[in-house]
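The values are calculated or read from the model by the stated rules, or taken from the named source; none is laboratory data. Predicted, not measured: the structure shown is a model, and the values here were computed from it. A quick note on method: Cβ atoms are made from the backbone with ideal geometry, for glycine too, and the neighbour counts reach across all protein chains shown.
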Amino acid sequence: DWHTEYEIAALDVNYLIQYRGSTPKAAANNALIRAKGYTQRWMSETSYSTVKRTQDSALRSQFWYRQFREIILSFALIT
């Protein structure tokens, strides 16, 4: 409720957990969190972990354009 959020704001506590949804309040809060740079590290770690888990040393795709995409993605994450 708004009373609790007002008290938290009065204590100068920064939210690091993003709001769900597309309301103007959620979008504004998420923009502030992203602007402060809190999400950059965990987003990069998550993407690296996901690709590392799903992409082995062998290519899985059968079509050349998907193989190309896998190779580019692997090199982009390594560098």
Could you list all residues from segment 62-79 that are at pLDDT 75 or above and outside any helix (DSSP H, G or I)? Q62, F63
Quick check on segment 46-54. Is at least one of its residues exposed (fewer than 10 other Cβ atoms within 10 Å of the Cβ) and either in a loop (DSSP other than H, G, I, E, B) or at pLDDT below 70 (or both)? no
Restricting attention to segment 3-45, which residues are part of a helix (DSSP H, G or I), at pLDDT below 75 and among the aromatic types (F, W, Y)? W42
